[in-house]
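The block underneath contains the structure these notes are about, expressed in C-alpha cells.
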Amino acid sequence: MGGRRRGTPGHDEDFSFVSPVVKYLLFIFNFLFWVIALVMVSIGVYARMMKHAAALACLSVDPAVMLMVVGVLMFIITFCGCVGSLRENICLLQTFCISLTVIFLLQLVAGILGFIFSDTARGKVTEMINNAIVHYRDDIDLQNLIDFGQMEFGCCGGVTYTDWSQNMYFSCKENNPSRERCSVPFSCCIISKDKEVVNTMCGQGVQDLEYLKAGDHIYTNGCIDKLVNWIHSNMFLLGGIALGLAIPQLVGILLSQILINQIKDQIELQNYNLKHRTDPWS
C-alpha cells in the first residue's frame, strides 16, 4: 500500500502515495452499505405509509421510524465515504472516520452501561412489555409479535401470567363484559403434540385458577425471566453478533485512516515538487 511508482519520486509526476487498492476497497465497502441504507429507508417509509396508525408506538420507538432514522444516518455517512474515497477528499473521509468512531464508542458505552445497570434495563423492559400487553388487541402486528415471543420462549406475560389482567379484554374486574375475562392468549397455552384436536380456548379463565392448576394448561412463568435466561445461555452467540457488527466499523475506520494518511503524503509530495520546480537554483 505504498502507492504506485513509475520513476523516482522527485522527478516523476506519475508517482503517487495513494494506493488504488485501499481507495477502491474503501469505495466498494461504503457502496455496499450505502445500498443497504437505501433499502432500510425504503422499507421504513413503506411500513410507515402502510401503517397509518402508529402501529407499535407502545414499544417506545416505532420500528418503522427507527429504521428510517438509522437508514438516513447510514446513508449520509456512507455517502461521505464513497465520495471521499473516489475524490480523495480529506474532509469527507475525516467526517466518515469520525462518525464511525463516535458510533462505535457509543455502542461500546451502551453495552457497558447496559451490563452495569442491568436492573434499570430490566425495569425498562418490564415497563415496555406491560405497555405492550395493555395494547395487545390494538394492532395485529403487535399481537403477532407478542404471540411469537410467548410461543418461542414458552412464557406468558411479563413477570407472570396474571400480568394479562392489565389488558381490558383479559382483565379480571367484575364489571368486565368481555368473553375473554380472566383469560390469557392462546400463545400462552401448553400445546400437546399427541392431541389430534388443539384446544384454542385453553387459556379461558385460567387467571381464576390456582397457580399449580393454571400450570397444567398454560406457561405460568413470565417472559422477562425466560429472556434473561436465554441471554445468559447464549452469551457466545450474542458476542459473535456484536463482533460481527463491530468488525465492519473497525475496517472502515482503518481503511479511511490509511487513505487519509496517503492523501496527506501525496499533497506533501506535490507541494515539494511544485516548490523545487519553481526554484531557480534547482
Suppose we flag chymotrypsin sites (Phe, Trp or Tyr not before Pro) only when DSSP calls them loop and at most 15 other Cβ atoms lie within 10 Å. Which is the longest uninterrupted stretch of the chain? 1-116
Starting from the residue with the highest accessible area, list S171, S42 in decreasing order, probe 1.4 Å. S42, S171
Probe 1.4 Å, protein heavy atoms only - accessible area per residue of the chain in square angstrom: 64 Å²
Past the 25 Å Cα-Cα mark, which pairs from K124/K226; K173/K213; K173/K226; K124/K193? K173/K226; K124/K193
Any idea of H276's accessible area? Nearest 10 Å², probe 1.4 Å. 70 Å²
Options C82, M168, Q270, ranked by Cα towards positive dipole end of the chain, top entry (Cβ charges): Q270
Report the charge-dipole magnitude of the chain in Debye, nearest 20, computed about the Cα centre from +1 at each Lys and Arg Cβ and -1 at each Asp and Glu Cβ. 740 debye
Solvent accessible area, Å² - T160, 1.4 Å probe, full protein context: 40 Å²
Which trypsin sites (Lys or Arg not before Pro) does the range 148-189 hold that lie in a coil by DSSP with at most 13 other beta carbons within 10 Å? K173, R179
With a 1.4 Å probe and every protein chain kept in, tell me what percent of the accessible surface of the chain is carbon plus sulfur. 66 percent
If amide H atoms are built 1.01 Å from N in the plane of the peptide, which residues on other chains or at least 5 residues away come under 5 Å of the amide H of I218? I190
Along the range 37-47, Karplus-curve 3J(HN,Hα) (6.51, -1.76, 1.60; θ = phi - 60°) to the nearest Hz, with x for Gly and Pro, reads 4, 4, 5, 4, 5, 4, 5, x, 5, 4, 5
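The values are calculated or read from the model by the stated rules, or taken from the named source; none is laboratory data. This is a predicted model, so every value here is computed, not measured. Because the Cβ atoms are built from the backbone with ideal geometry, glycine has one as well, and the counts that use them run over all protein chains shown. Surface areas here come from the heavy atoms of the whole protein model, side chains and all, with no ligands, DNA or RNA. Shrake-Rupley method; radii C 1.70, N 1.55, O 1.52, S 1.80 Å.
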